[in-house]
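The block underneath contains the structure these notes are about, expressed in structure tokens.
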Amino acid sequence: MFLEKDRNNSQRAGWIEIVCGSMFSGKTEELIRRLKRAKIAGQKVEIFKPAVDVRYDEEDVVSHDKSKVTAMAVQNASQILFYADDFEVVGIDEAQFFSNELVDVCDQLANKGKRVIIAGLDMDYLGKPFGPIPSLMSTAEYVTKVHAICMRCGNLASYSHRTINNDKLVVLGETESYEPLCRKCFVDALENQKKAEG
Ligand code: ZN
């Protein structure tokens, strides 16, 4: 479990935390856990998410277990900079869908003294680094990689395998379309798909 560092008020610099992993690894739950605790302590908290993520409710960040907190949907990363001014703690969910501009935006927020907590997929369905996440893993002070459980063998899973045939990068309604797999099962699954396609 991630243990937050003490906030020293005489020191105004913020920092960046990133929570990344495959689908069903509990990223959003972990983001919500950290934000709720800050909120209980009376800190001003806001969550942002890309407007592209409209799987469930437009206004809420909803994890798979349906725990939710209100979030603001934004069109691009620079809007976060604009709206985040009044908040001490800034959460960003589904961060993989933002452009690389997010890296600079998060730096600017942290430089202004804010605690920035980012959640996102580290790899796409082909196992490739996803959007701004790899860069954010470099610039963040704290990186937490969470894992799901492989649906085929029960080992720790870090890949999001797409179970339907579709080569678009973003597919909504993820529950039916993806399964978390470990490295071995993921490689086997891709090979079997190749064979099946001839
Ligand atoms: Zn496996």
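Contact map, the range 76-95: first residue within 20 Å of Met123 (Cα to Cα), second residue surrounded by 15 or more Cβ atoms within 10 Å (Cβ to Cβ) and among the charged types (D, E, K, R), Cβ cut-off under 6 Å, separation 6 or more or different chains; pairs are Asp93/Lys49; Glu94/Lys49; Glu94/Asp53. Within the range 1-23, being out of contact with any helix residue (DSSP H, G or I) (no Cβ under 7 Å at 6 or more places or on another chain) and modelled with pLDDT of 95 or more holds for Glu17, Ser22.
A Cβ distance below 8 Å, combined with a sequence gap of six or more or placement on separate chains, defines the contacts here; from the range 147-160, residues that are of a type in the set (A, V, I, L, M, F, W, C) reach residues that are part of a loop (DSSP other than H, G, I, E, B) and within 9 Å of the ligand (Cβ to nearest atom) in the pairs Ile149/Asn155; Cys150/Cys182; Cys153/Cys182; Leu156/Cys150; Leu156/Cys182; Ala157/Cys150; Ala157/Met151; Ala157/Cys182. Here Glu30 passes the criteria (1) among the charged types (D, E, K, R); (2) at pLDDT 95 or above; (3) over 24 Å from Thr139 (Cβ atoms) except the one numbered (3).
Residues of the range 96-120 that are in a helix (DSSP H, G or I) and touching a residue at least 60 places away in the same chain (Cβ under 8 Å): Phe97, Cys106, Asp107, Leu109, Ala110, Asn111.
The values are calculated or read from the model by the stated rules, or taken from the named source; none is laboratory data. This is a predicted model, so every value here is computed, not measured. Every residue, glycine as well, gets a Cβ built from its backbone with ideal geometry; the counts of neighbours run over all protein chains shown.
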